[in-house]
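Read the structure below first, then the notes.
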Amino acid sequence: MAFVVRVMATGVFDLLHPGHVYFLREARALGDELWVVVARDSTARKFKHEPIMPEAARFQMVEALKPVDRAVLGHEGNIYDILDEIRPDIIAIGYDQVHSEERILAECRKRGLATKVLRLPKFEGDLVGTRKIVRKVAEWLALQERLDKVERGDPRHAADPPPRPRKRKPAGRKRNA
């Protein structure tokens, strides 16, 4: 019987982007099977942000990705309880994930696992984070609104008003109240 190296990766995976694909490909290259734990909505809120996509949609998207052998939803409450089910040989952590390697190792040892924890290198690219994508979409929408106003011939709102000059207080002088 052949020994299978099981790799585990975790994340919110809200608004999939090339950084996610890179992370999962790199994680998959570490072993024979890649199990991906998709964070529950409650976990995403607790550790990152209010998810844009609900957990069922995020799970479906991750499950469909080529590097992923098996996707599972994480546990609510203790995020480390999933270790008892997956029993990974390697846990891959993204370069920007807040997880502590030492804490993960301690949780694995408590469960009798000889798991290795590896932090993957940074992916260099444009729009490699949910916040960056949201910011870019917001900028695009603001530009579209301004263009629509110009096309409708509404010069009052076509461009942002020029910034007002700041009044500077003289140095060293205090005003009496």
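The values are calculated or read from the model by the stated rules, or taken from the named source; none is laboratory data. Just so it is clear, the structure is predicted and the values come from calculations on it, not from any experiment. Cβ: placed from backbone, ideal geometry, glycine included. Neighbour counts: every protein chain shown. Just the protein is used for accessible areas: all its heavy atoms, side chains included, with ligands, DNA and RNA removed. Shrake-Rupley method; radii C 1.70, N 1.55, O 1.52, S 1.80 Å.
Tabulated data
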item: Violating pairs (Cα-Cα greater than 23 angstrom) within the set LYS48/LYS136; LYS66/LYS122; LYS48/LYS116; LYS46/LYS66; LYS48/LYS122; result: LYS48/LYS116; LYS46/LYS66
item: 5 angstrom amide H check on LEU73, placed H, neighbours 5+ away; result: VAL38
item: Surface per residue (accessible, 1.4 Å probe) for the stretch 60-150, Å²; result: 64
item: Order of exposure, largest accessible area first, which applies to ILE90, ILE52, ILE79 with probe 1.4 Å; result: ILE52, ILE79, ILE90
item: For ILE93, residues with placed amide H under 5 Å, excluding near neighbours; result: LEU118, ARG119, LEU120
item: Anisotropy class of the stretch 35-146 from Cα gyration tensor, a/c 1.5 cut; result: prolate
item: Chain lengthening between LYS110 and ASP96 when straightened (0.36 nm per residue, less Cα-Cα); result: 2.5 nm
item: The stretch 43-79 residues near the modelled ARG103 label - backbone nitrogen below 13 Å, point 7 Å along Cα→Cβ; result: 46-48, 78-79
item: For the stretch 18-25, Karplus couplings with θ = phi - 60° (6.51, -1.76, 1.60), whole Hz, Gly/Pro x; result: x, x, 5, 4, 4, 4, 6, 5
